[in-house]
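Down below is the structure, laid out as structure tokens.
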Amino acid sequence: MIRFLKKYILFIYLILFSAAVFSQTKIRGEIIDYETTEGIPFASIIFSETNIGCVSDYEGHFFIKSKMPSKQLIISCIGYLNDTVKIKPNAYQEIRILLKPDLYAIGEVVIKPGKDPALRLIKKVIRNKKNNNTNKLKTYSYEQYSKLEIDLNNFNDAIKKEKFLKDFKFAFANIDTSEATGKKYLPLILSETLSDYYFQNFPRHRKEQILATNISGVENISASQFTGQMYVDFNFYKSYIRIIDKEFVSPLSLSGPVVYDYFLIDTALIDNSLCYHMTFKPKRKHEYTFQGDMWIADTSFALKRIDANMSRTANMDFVSDFYVRKNYEKIDNKFFFPAEEEFFIDFNISKITAGFFGRKYTSRKKIKLNPVFPKNFFSPSEFRDIEIDDKAATYDSSEWNMLRHTELTQKERQIYQMVDSVKQQPTFRKFENFVYLIGTGYLKRKYIELGPYYKIFSRNALEGNRFRLGFRTSNNVSKIIELNAYSAFGTRDKKIKYGIGTKLKITREPWTLARINFSDDLIQLGANLGDFGSDNIFSVSGKNDKLLHIQNFETGIERDIFKSLTASVFFTHKRIMPTDSIHFFDMSDNEISEVNASEITVSAHFGINEEYISSIFNRQSFGSLYPIIEIQYTYGMPDFWNSNYQYNKFTVGLKHFISFGFFGKTIYYVEAGKILGTVPFPLLKLHEGSTGIAYNMRSFNLMNYYEFASDEYISFFAEHHFNGLVLNKIPLLRRLKFREVVYAKGVWGNFSNTNRTVLQFPNKMSDVKIPYIEVGLGVENILNFLSINYFRRVTHIHKEGIRKNGIFLGFHVNF
């Protein structure tokens, strides 16, 4: 099985390919002190007979390239003898250069205390950040060209010999060597986007209009939104730069002088602007920091250029390296605006396995400062900040030659040329189906999709071993309507359960989707089921014996009202019936055969700048930097479809994460609810219990099912991730990259006397007038995906049949 996965995961890199590149001389190496064998920083490396050169970093490493066929490198550094090294033109090489110290006698030197000129300069840069940050502008606009490339790296001879790649040998001649890492790589995907971008500060609005897009191998045009401006923000004038899910301290941060060492190297005239050349490196290891160079304009103290690499010891998983290069252009002879940007990232599971390179190049032209936009230009009724022109994907190669800010290289042009050939290969189609299975849970066939695979098997106390088979129609049947169904069977109760449903896509913009579903199944009330539900392969352990037999019918519609607000209206009818473990009795000890409830529910979901990626019938939120608010109102309809209860339910929830930069991040969810009316206990708020040892953020890990219920309540779930703030300081542990996390969860609630007397409560169910609180401490990032967490009850510790403390495992891929 592992070999099977290995082969197919490797093949992801062969989705798209490229071909031969222009000849270049590329040298990767290090400068070493001949006597001490230590790296020499700030050594000058120049191709002979050219003005192309670079400077070695703090550890003596360098990379240099040229299209000129040079035969020698000239190396110089203060305090060392100059050296000349022969190289092979038009080839990639790795070299190690030893410099001998230049020993000579000097007279007496008197050192007097004084201020560090580099520190004086960086403090001036920090003081002038507000004046030089683009966020201080009232408005601006520009035309942007973006180019994104995905490559397979560590592409070695062993991979090329894999039998399943035999149909793709035509691509192997196109392997190149990375200038950043020295790894061999094979280009896979190339995308280009041309867009107009508009920004307004007061009130804050932004808009991007994608005019043209060209994505090799991707037929979903909505994916083009992720190659534009919106999803990348390397603003070094901010205190922190977000890379994936980590906050890196900017070298221009107010705390920069505490975090970084700065060195003033030289002055240089760049684009007619006199600039100070400064380098920076972190003071401490294993923190989220950069190292690199920057060039500072001499009068405005604005950035003219910055090259920032991830610190080599930063506590990151799966990311071996990344760098950001930004060039700023002086606009209207007064403001340095970011005009060109490069980003590179190297993903690898390990040093010996294949991984990915991601590269993005961005060019901005037609930059306008403080333009006046028409009234209602940023209309709140628009459904998202990114608009894709209907003709965006229709431009041919000759038209793209006119649109691009820079020409494609020969290797980049070959990526487009080879895509069609690759997609016709049967091996490619098999792998495409495999990736779809992992990503969606469904095995794709021509007209139906089988799954989800993670629900095929589960186990509980009532059904024993549960087997389930489900399907949904594919987009080849219809892009307007989707049908789905499932059937399940338990080996202990010998009963069949089932569900059927349909989705109707009404409009893509605004997102409008209708649903109808019916199910007859065993359900666990009072559980936070998340995306997997209660019947999944992860629920094969734990005592799950409090299921109820529920027939559930629902129909409704959800629609985007505008770009930050989604509303939905649903009708639901539930027929809730007892099982062998949970019975219904009234206050006279008469057994009740069922509880019926008919409901109308109106919901609103509000998230400022919340972004989604959409397929035809589903969409996935990528969250927001702002709090996301959910409001829900439910009306219980009496005398309708056997319903005997009239009630009103109100629920308000807020979820958010707060970054504290160097000190980590907090994720929290707060919810409050109120039920007006008389209802039996299955319709109360049954607080989220848990069984087993799996950690769930939105459940109380030490609370039993049906332990607490409320008709008015407020609950909170919070966790703070320190990102190794403490463990990184412990020598024996920091190499393991473990990270600390703390938890706090609690709920206060009550219910009225009338709701106590509708049905008898299950044994030991009570209110939460004394708040329930549990706290936890954990270590995460064990083997890059596992966390071990210890939880302890703070209150309600004297009840019978409860767990006062416990160990819980969490599974999450960290970076």
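Read-outs: derived from the displayed coordinates by stated rules, not from any lab. Given the structure is predicted, the values throughout are model-derived calculations rather than measurements. Note that each Cβ is placed from the backbone with ideal geometry, even for glycine, and that neighbours are counted across all protein chains shown.
Just a few scattered comments:
- Coil-residue trypsin sites (Lys or Arg not before Pro) of the stretch 706-763, DSSP, other Cβ within 10 Å capped at 14: Arg735
- Rg over Rh [alpha-carbon atoms, Kirkwood Rh] for the stretch 567-712: 1.03
- Cα-based reach from Lys665 at 13 Å (exclusive), listing aspartates and glutamates while leaving out same-chain residues under 8 positions away: Asp245, Glu247, Glu719, Glu740
- Proxy reagent accessibility, fewest Cβ within 10 Å first, across Arg492, Arg559, Arg472: Arg492, Arg559, Arg472
- Label sites at Ala744 and Asp298, each approximated as a point 7 angstrom past Cα along Cα to Cβ, lie 5.4 nm apart.
- Alpha carbon centroid spacing (whole Å) that separates the stretch 586-647 from the stretch 274-311: 51 Å
- Cα-based equivalent ellipsoid, the stretch 575-639: semi-axes from gyration tensor eigenvalues, Å: 40, 15, 13
- For Lys130, the aspartates and glutamates whose Cα falls under 20 Å of its own Cα, not counting residues fewer than eight places away in the same chain, are Asp233, Asp298, Glu329, Asp332.
- Across the stretch 717-725, rounded Karplus estimates of 3J(HN,Hα) from the backbone phi angles (6.51 cos²θ - 1.76 cosθ + 1.60, θ = phi - 60°) give 9, 9, 8, 10, 9, 8, 6, x, 4 Hz, Gly and Pro being marked x.
- Listed by chain and number, the aspartates and glutamates placed with their C-alpha closer than 15 angstrom to that of Lys281 are Asp57, Glu59, Asp261, Asp293, Asp307; residues fewer than eight positions away on the same chain are left out.
- With Cα atoms defining each centre, the stretch 365-416 and the stretch 38-107 are spaced 42 Å apart in the structure.
- Other-chain or far-sequence residues with amide H under 5 Å of Ile388's (modelled H): Ile210
- Spherically averaged projected area in nm², based on the convex hull that wraps the Cα atoms of the chain: 40.8 nm²
- Label-point separation in nm, Thr754 to Ile613, each point 7 Å along Cα→Cβ: 5.0 nm
- Modelled this way, with points 7 Å down the Cα-to-C-beta line, the labels at Phe650 and Asp116 are 5.8 nm from one another.
- Positive-end residue of Pro101, Ile415, Ser255, charge dipole of the chain with Cβ unit charges: Pro101
- Alpha carbon centroid spacing (whole Å) that separates the stretch 234-250 from the stretch 314-332: 10 Å
- Cβ crowding within 10 Å, taken as a proxy for footprinting-reagent exposure, orders Val477, Val372, Val319 from fewest neighbours to most as Val372, Val477, Val319.
- Each Lys and Arg contributes +1 and each Asp and Glu -1, all at the Cβ; summed about the Cα centre of the stretch 369-523, the dipole is approximately 1040 debye.
- Dimensions in Å of the stretch 23-104 - Rg and Dmax from alpha carbons: 12.1, 43
- Stretching the chain fully between Lys769 and Phe489 yields a gain of 96.7 nm (0.36 nm per residue, less the alpha carbon separation).
- Cβ-based exposure ranking for Met765, Met402, Met316, in which fewest neighbours within 10 Å come first: Met402, Met765, Met316
- Distant-in-sequence amide H partners of Asn701 (H built 1.01 Å from N, under 5 Å): none
- Across Lys26/Lys184; Lys26/Lys71; Lys207/Lys479, pairs whose alpha-carbon gap is larger than 22 Å: Lys207/Lys479
- Simple point charges give the picture: +1 on the Cβ of Lys and Arg, -1 on the Cβ of Asp and Glu, and for the chain a dipole about the Cα centre of about 860 debye.
- Ranking Ile506, Ser195, His721 by how far each Cα lies toward the positive end of the dipole of the chain (charges on Cβ) leaves His721 at the top.
- Close amide H pairs (under 5 Å, H built 1.01 Å from N) link Asp298 with Leu274, Tyr276, residues at least 5 positions away or on another chain.
- Across the cross-link table entries Lys360/Lys446; Lys497/Lys799; Lys86/Lys183; Lys769/Lys804; Lys366/Lys411; Lys138/Lys360, which are compared at the Cα atoms, the separations over 26 Å belong to Lys360/Lys446; Lys497/Lys799; Lys366/Lys411; Lys138/Lys360.
- Fully extended contour minus Cα-Cα distance, from Ala567 to Glu49, at 0.36 nm per residue: 179.8 nm
- Working note: Karplus 6.51/-1.76/1.60 with θ = phi - 60° gives the stretch 367-372 the couplings 6, 10, 9, 6, x, 9 Hz, where Gly and Pro are set to x.
- Per-residue ³J(HN,Hα) for the stretch 549-558, Karplus 6.51 cos²θ - 1.76 cosθ + 1.60, θ = phi - 60°, Hz, x for Gly and Pro: 7, 10, 9, 10, 10, 9, 8, x, 9, 10
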